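Taking it in order: structure first as structure tokens, then the write-up.
What follows draws every value from the coordinates through simple rules; no lab data is involved. These numbers were taken from a predicted model, which means no experiment stands behind them. Backbone-built Cβ (ideal geometry, glycine too); neighbour counts: all protein chains shown.
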Amino acid sequence: MMKLKLPKTENKGFVVVVVLCTIMALSVLLLGFNYQSRTSLRAVDDFRKSRQALNCARAGLNIAIAAINRAAGVRTNRTLSNALSGEKTFNIGDGDCSVTVIEENAKLNVNLLKDKSGSLNQTRVEQLLRLIDLLNEEQDGSFRISYDIAPSIIDWTDADDQTTCLPFVKQENSGAESDYYGRLNTAYRCRNASLCAAEELLPVKGITPEVFERIRDYITVYGDGKISINSAPKRIIESLSENMDSALAQMIIDRRQLRPFESLAELRDIPGMTDSIYYAIKNAATINPADRYYRVISRGNVDRLGCTIDAIVRKNIRTKNVEVILYKEL
């Protein structure tokens with residue numbers, strides 16, 4: 001029987017095709033492996049840098065704590081003074097950190113709109129209402145903060161279940177208790193306790209995220225309620241008295257930038273200071289808070305990666321100790 005033989009050229013062509021297909025398959029596998037390896041290495045490198053950024057942020061927090069601990073006064077320490085006036089940047093290893101220190105005693109304490117006996121503190125409530133007016137004046141009319149947030153904050157932080165109605169406010173003066181919050185689509189109960197952080201105001205009636213962003217730089221939940229006149233922002237100074245205007249508040253700020261006030265009596269030397277304004281400030285402000293509270297925002301950066309620490313620290317004037325009472329990594 002005769003056997004058929006395939007031409008040798010056909011065998012060679014088939015082998016070439018098989019070899020090329022094999023090379024292409026190996027190339028695809030090699031490229032995939034190379035991509036996966038580079039992705040894994042990048043992820044490891046990013047993780048390493050993110051940990052370095054976190055360590056830079058922690059270093060910034062420790063720098064602020066050390067400055068607060070050493071400083072006899074916030075304006076006498078150059079590091080702390082610079083951080084209080086804006087961001088202060090430090091180079092740390094392969095990265096850096098930017099630190100901002102905000103004095104909480106310079107803000108209005110919304111935990112103290114009622115006193116320890118449960119009675120309304122009308123002076124502080126009226127200051128909050130004046131602050132709302134001042135913030136509303138900054139807007140074009142399209143965004144307005146309602147007076148309702150004042151009695152609502154009172155109801156959120158006091159211990160009773162009675163809805164607050166402010167008798168000295170003609171409109172928008174109704175608070176909210178659990179019966180209001182229980183009727184919402186996502187029901188919850190009224191807190192009926194003091195706040196541990198300003199962000200805990202977000203569930204309060206009338207305090208939307210937009211409202212909170214407008215008021216957060218002017219309110220606090222720390223301190224004895226006395227406003228630190230050497231560091232209070234202009235709007236807080238204006239809110240201390242109904243007779244205080246923008247020009248007088250700015251003169252107070254200009255004077256303290258030249259030399260911090262060493263006593264409240266020095267305010268009498270400010271041009272335009274009347275007795276009614278002075279006594280309003282004297283009763284609501286201080287030069288030396290009993291305990292000093294600071295918000296420290298420290299952002300660490302390594303290449304394109306960053307990590308932010310937002311902390312509240314307290315310096316006990318009696319023991320001279322500085323402790324972190326609130327810590328968040330963002």
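Quick notes on this structure:
- Applying the condition of being surrounded by 20 or more Cβ atoms within 10 Å (Cβ to Cβ) and of a type outside the set (Ser, Thr, Tyr) to the range 208-224 and asking which residue is nearest to residue 284 (Cα to Cα) yields 223.
- Counting only residues that are in contact (Cβ under 8 Å) with a residue 24 or more places away in the chain, assigned to a helix (DSSP H, G or I) and not charged (D, E, K, R), the range 238-272 holds 5 of them.
- Among the residues of the range 273-330, those that are within 20 Å of residue 88 (Cα to Cα) and not in a strand (DSSP E or B) comprise 303, 304, 330.
- Selection of the range 160-198 for residues being of a type in the set (Asp, Glu) and surrounded by 14 or more Cβ atoms within 10 Å (Cβ to Cβ) yields 172, 177.
- For the range 166-215, the tally of residues that are over 21 Å from the mean Cα position of the chain (by Cα), of a type in the set (Val, Ile, Thr) and closer than 27 Å to residue 328 by Cβ stands at 1.
- Among (1) over 25 Å from the mean Cα position of the chain (by Cα); (2) farther than 20 Å from residue 123 by Cβ; (3) among the aliphatic types (A, V, I, L, M) - the single one residue 252 does not satisfy: (2)
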